[in-house]
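Notes to accompany the following structure.
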Amino acid sequence: MGACPNTCCKGWRIVFDEETYRRYLREKGKNGWRLRNSIKKVDEEVYFKASLKSCIFHEKQGTCQLQRVMGEEYMPLICRRYPRFWQHYGVFAEESLLLSCPQAAYLFLENLDCLEYQVSTRTVEYERWGTNDDEAYLYWLCELREAMIHELWDSSRSRAQIVGQLLRVMREIQERVIHGERQIDITKIMQRHKNSEVLHIDAQVTDHMLTSGFYHRRLRTVSPQLYQLCKRYFKAFDHLSAYQANEKWEMLCTQMHTRQKELDRVLRGYLVYYLQMVFLEVYEDYSFVRKLVYGIMHMHILERLLSIYENENKSLSHRELAELISVYERRGRHNEDVADGMYEKLYAALEAYD
């Protein structure tokens, strides 16, 4: 209710499903009039009016008026389901929680040692995603994902070394799959790129990502906490040369990781979580490089924002960290236009990485 530090009723558009939309159109009386007068439909997308700032049914005490007055069944499917996420691939399905919910992010932080799917034989009743029916390829992708996760948990190497390796692996695999190869030997390709060059993302590239739609004047309304972090970033870095900015980022991150010993593992786990949630989408689009680079991008920007926060507050409890992760996820990961804009800047820079 009102105790949530980053309520899902604020800060983004509440888009809902066709079934809920038809129910609202059929509803009679005063409630029906209120429902129909509260929705907007643009290009087949239906959502509540004025929901970028706050859902029209979100009450001051933190409750949902729609749920309280009419019942849970009148809430849009996304509201009833959130923060649960599921994907049905045909032969199996995977279910998880979205880290844009601060409580889900807190559970993630409290369970870093068991970030893996638990097997269930329960019947899947929701619709299948995608059309690919190559089961052997799908299970091979699962093996590849597990191999990537295994590398990420290797504490004997830095994250920068590992993501450099994985980027080369994804480039080679994507090229070979495009040319018709399947069932590529995962162990051999991982080993071949084990000693890849460390992946470094320049401070200037970070600046381009943050200013390509991520930071926007509307951010002050939809996410005040993120807006303040961005303001502190620009205040600290705008006057610096590229060399000075790189030096300052290095100093801030080093200080943060010195004070927050667990944070490197959290960031590794964050990328592991991302791969678990998203990587199998290559089953349909074969975008190996893109899927990995998006994960690297989100991990990188999150680390930079955390360093700004930690430097100022000298603390980063699990509750604080969970809230910051949820705040970033909404703007960086779940806003496709923002994420695509950041990706374009990063991908252009990584083309020079060999």
Of all residues making up region 160-196, the number that are closer than 18 Å to Ala348 by Cβ and not in a helix (DSSP H, G or I): 0
Condition broken by Val278, with the remaining ones in (1) closer than 30 Å to Val91 by Cα; (2) surrounded by fewer than 20 Cβ atoms within 10 Å (Cβ to Cβ); (3) in contact with a helix residue (DSSP H, G or I) (Cβ under 7 Å, 6 or more places away or on another chain); (4) in contact (Cβ under 8 Å) with a residue 60 or more places away in the chain satisfied: (4)
Within region 1-51, tally of residues that are under 27 Å from the mean Cα position of the chain (by Cα) and among the aromatic types (Phe, Trp, Tyr): 4
Enumerated helices (runs of 4 or more DSSP H) restricted to region 203-244, each holding at least 3 residues that are surrounded by 19 or more Cβ atoms within 10 Å (Cβ to Cβ) and modelled with pLDDT of 90 or more: 203-209, 224-237
Single match in Glu284, Glu303 (criterion: at pLDDT 95 or above and either charged (D, E, K, R) or within 29 Å of Cys9 (Cα to Cα) (or both)): Glu303
Residue count for region 321-354, restricted to those that are farther than 17 Å from Cys8 by Cα and either under 18 Å from the mean Cα position of the chain (by Cα) or at pLDDT 95 or above (or both): 13
Of the criteria (1) surrounded by fewer than 14 Cβ atoms within 10 Å (Cβ to Cβ); (2) free of Cβ contacts under 8 Å to residues at least 40 places away in the same chain, which one Lys314 fails: (2)
Residues that are more than 11 Å from Phe92 (Cα to Cα) and of a type in the set (Gly, Ala, Ser), drawn from region 113-149: Gly130, Ala136, Ala147
Enumerated helices (runs of 4 or more DSSP H) restricted to region 15-94, each holding at least 3 residues that are surrounded by fewer than 17 Cβ atoms within 10 Å (Cβ to Cβ) and acidic (Asp, Glu): none
Residue check, Glu329 free of Cβ contacts under 8 Å to residues at least 24 places away in the same chain, closer than 30 Å to Gly130 by Cβ and either out of contact with any Asp or Glu (no Cβ under 9 Å at 6 or more places or on another chain) or not assigned by TED's automatic domain parsing to the domain that holds Gly213 (or both): no
Breaking point among (1) surrounded by fewer than 14 Cβ atoms within 10 Å (Cβ to Cβ); (2) of a type outside the set (Val, Ile, Thr); (3) at pLDDT 95 or above, for Leu271: (1)
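The values are calculated or read from the model by the stated rules, or taken from the named source; none is laboratory data. Because the structure is a prediction, the values reported are computed rather than measured. So basically every Cβ, Gly included, is an ideal-geometry build from the backbone, and we count neighbours across all protein chains shown.
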